[in-house]
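This report concerns only the one structure given below.
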Amino acid sequence: MKTIKKTIAAFFMLTTLCALTLTAQAKPVVVIAPFDAKGVSKDEADVITEIFTAEYAAAGGANVVDRTSFDKIRAQLSFQTSDWSNSDKVAQLGKALNANQVVVGQLLKFREQIITTIKVIDVNTTTILASRTARVSDVEELFEYIPDICWELSKTLAVS
């Protein structure tokens, strides 16, 4: 009787472990590029990038590449700031990091507003899989929107 209980318990643990492994493997691997800043300071863009990265990882829809790994590969590929507009270069960077997707964002100052655009790009096809835009009066106000933006992007990508 004890052997049967142990066998059943082992079966359930193995099944649970397999399910967790399959779920983890089903998630895309995502690189989050530093957000570009136009009319906003680079420091503010860096802070927004870090907060976005943490919130995107917390949303649970993807496995996010560590920032240190990203910076090393970017340096090795001599990837320049101006290269973010080149979809092929972005895809090359994503592939070098074994990523399926790259998230690129911009903080743009337009009159009295800060406009944030965020796009998720497929590294194999260079197509935009999802995008979001937010308009706020200042960068600090953006902090309130980032968790929702991350959740919406994760949800959109999980459905597609």
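Accessible area of segment 14-160 with a 1.4 Å probe: how many percent of it is carbon plus sulfur? C and S atoms contribute 52 percent here. Surface analysis of segment 78-160 yields an accessible area of 57 Å² per residue, using protein heavy atoms and a 1.4 Å probe. As a ratio to 2.2 N^0.38 Å, the alpha-carbon radius of gyration for segment 30-117 is 1.08.
Charged neighbours of Val136, selected by a Cβ distance under 14 Å, balance to -3 (K, R count +1; D, E count -1). Over all other residues within a Cβ to Cβ distance under 14 Å of Trp151, the charged ones net out to -2, with Lys and Arg as +1 and Asp and Glu as -1.
The values are calculated or read from the model by the stated rules, or taken from the named source; none is laboratory data. Keep in mind it's a predicted model, so treat the numbers as computed, not measured. Please note: Cβ atoms are built from the backbone with ideal geometry, for glycine as well, and neighbour counts cover all protein chains shown. Heavy atoms of the whole protein, side chains included, go into the accessibility calculation; ligands, DNA and RNA do not. Shrake-Rupley method; radii C 1.70, N 1.55, O 1.52, S 1.80 Å.
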